[in-house]
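Below you'll find the structure, written out as structure tokens, and then a few comments.
FYI, it's all coordinate maths here, none of it is from the lab. Since we're looking at a predicted model, the values are computed, not measured. As a convention, Cβ positions derive from the backbone with ideal geometry for all residues, glycine included, and neighbour counts pool all protein chains shown.
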Amino acid sequence: MNDKPGWARRLIPLVYFSLLMLPIYWLINMSVRLTPDILTRLEIIPRHPTFENYLHIFRDRTWYITYWHSIEFVVLNVVISVGVALPAAYAFSRYRFLGDKQVFFWLLTNRMSPPAVFLLPFYQFYQSIGLFDTPLAVALAHCLFNVPLAVWILEGFMSGIPREIDETAALDGYSFPRFFMFIFLPLIRAGVGVTAFFCFMFSWVELLMASNLTSTDAKPIVSIMTRTESATGLDFGLLAASGVLTIVPGAIVIWFIRNNIAKGFALGRV
Amino acid sequence: MKPIRHSAWFMIMPVMIVLLFTAIIPLMTVVNYSVQDILGPTRRVFVGDEWFRDTLGDPNLQRALLRQLIFSSCVLIIEIPLGLGLALVMPRRGFAASAALVLLGMPLLIPWNVVGTIWQIFGRADVGLGGYFMNTVLGIPYNYALVPNDAWFTLLLLDVWHWTPLVVLLCYAGLRAIPDAFYQAAAVDGASTWSVFRFVQLPKLRGVLTIAILLRFMDSFVIYTEPLVLTGGGPGDTTTFLSQFLTKLAIGQFDVGPAAAFSLIYFLIILLFSWLFYTALAAQDPKDTPHAGEGA
């Protein structure tokens, strides 16, 4: 490949990334200004930045508790998804069995299916068994697409480990559970991390289930932030600040998974 | 070749149990509703295919379906070539490459309703940079809340902003997997940039492009949150897509029968495309994975 970058190779990425970051910058810009100030004039660089909006969120329990609700169901979902997906992914990557291809395909259809289709049954099911408006309800609902995702990504990582390792461990007298826990898991720990990250992310960004399966006690931040309308109109500063806070988890860990990010989004297939 | 072991079913049992409650039972409930008219807690009547005929004949739904198809097509036509082109000029080595990956990942990790919020703010004529730029600097009247064309433009721009990085990431990962020897051979042959692209890079990118096209099609086909936040499906119903239509029918109006019938039709369309995806992947994947053709 041509190693000396021409003008196109320098300029196009620069322009593209500037445009990509511009809307995010604007959100941050508005989050450090108060709404009356925002409505007075457009400031490309805030002249009097303030953290008042953020402090408002951290002080008001009805605001910050919704972050806790989100974290609750997201963590529950990651634990369930990765937990049940590990043995299944191992089975798919190591053995052939009756109906393996069919089940693997069926998993995919669950990842692809519109959550809206499943919303009504979930809604009634959880109401009838008293799970409605609990973090567990949302966590289970998100398993619909996160369990298949976890199985596919983990299967991709596990298939990269040669089968000879399993056989050698068996010859050395390792029982299967010991082999799985102490030899196999450490080998694919990067894969487990990436899988957990993507389950976390897809559960964190989802709105339809999270907002429709909760009413008061378990409302997540993603559905509460739109309530910033008051008598004087939208409270832009507050809305922007709560938006910025939801971007933080992704922004913190993205550096660590940068080399596997394509693999995660492509269901472990790149 | 992988060994045959039917007892591996025990290992996939936990997944099956979780999905029994989150996928199988709900789907059977939908099937159940789609053929009944529920008049009360104890009275329900079997109505056969009535809901299906009603739903398919509903002009509102037909319009939503048409809008959905147009939207998904636009998304593919813009994002795939743009993503491929950008991947070709991304930095390949060192810190710049890492920074590019991180920046590309950013929009993908933002909650979908925050994406809607970002563009809702950005596009406003009074407080948004984008809207201000259009109206005041360029002098083009632009208001996504009132003018259907502007709403569509904003929504497409939002989707291009949000998801083109996914196409870039996939193509980029594909490009990095091409061994240097291929380029050296092409250089020896005196190949032009175009023929390197056409005969070396493009064939190697077939796999990732398949994934990109199908993921983008599927995800844009079930888009819900972004238009809901940005336009609420309006002005009128000009940006109401299938998922929002269905949610309104099911949770908003509790029209359980028609909603269920429509859900199944929606699901069948998705099933068809999932199958295409799976077949396309299986045809390309030489590995010993469950979806690879093993002639079993």
For chain A, what is the calculated [θ] at 222 nm in deg cm²/dmol (nearest 500), taking -39500 (n - 2.57) for each run of four or more DSSP H residues and dividing by its residue count? -22000 deg cm²/dmol
For B:ARG44, the residues 5 or more places away or on another chain with a placed amide H closer than 5 Å to its own amide H are B:LEU39
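What 222 nm value per residue comes from the helices of chain B, counting each DSSP H run with n ≥ 4 as -39,500 (n - 2.57) and dividing by all residues, nearest 500 deg cm²/dmol?
On the way: 14 runs with 189 residues, N = 296.
Estimated from H runs of four or more residues: -20500 deg cm²/dmol.
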Cα Rg over Rh - the range A:1-149, Kirkwood: 1.14
So for the range A:142-270, what percent of the C-alpha to C-alpha distances run longer than 22 Å? 54
Taking Cα pairs under 8 Å and at least six residues apart, what relative contact order does chain A come out at, in percent? 31
Arrange A:SER81, B:SER72, B:SER243, A:SER223 by Cβ neighbour counts within 10 Å, fewest through most, would you? A:SER223, B:SER72, B:SER243, A:SER81
Which is farthest toward the positive dipole end of the range B:51-283 among B:PRO148, B:THR239, B:LEU82, measuring Cα position about the Cα centre, with Cβ charges +1 (Lys, Arg) and -1 (Asp, Glu)? B:LEU82
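Can I get the semi-axes of chain A's equivalent ellipsoid? Compute them from the C-alpha gyration tensor as square roots of 5 times the eigenvalues, in angstrom, largest first. List each step's numbers first, then the result.
Details: eigenvalues 319, 150, 52 Å².
Taking √(5λ) for each Cα gyration eigenvalue gives 40, 27, 16 Å.
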Taking every pair of alpha-carbon atoms in the range B:51-283, what share in percent sits in each 5 Å bin, from 0 to the bin with the longest distance? 1, 6, 11, 14, 15, 15, 12, 10, 7, 5, 3, 1, 0, 0
Projected area of the range B:1-142, taken from the Cα convex hull and averaged over every viewing direction, in nm²? 19.2
In nm², what is the average projected area of the convex hull enclosing the Cα atoms of the protein assembly as shown? 29.8
Taking a cut-off of 14 Å between Cα atoms, list the aspartates and glutamates near A:LYS219, but don't count ones fewer than 8 places away on the same chain. A:GLU72, A:ASP133, A:GLU206
Among B:ALA187, B:ALA173, B:ALA100, which one shows the biggest mean-square fluctuation in a GNM of chain B, springs joining Cα atoms closer than 10 Å? B:ALA187
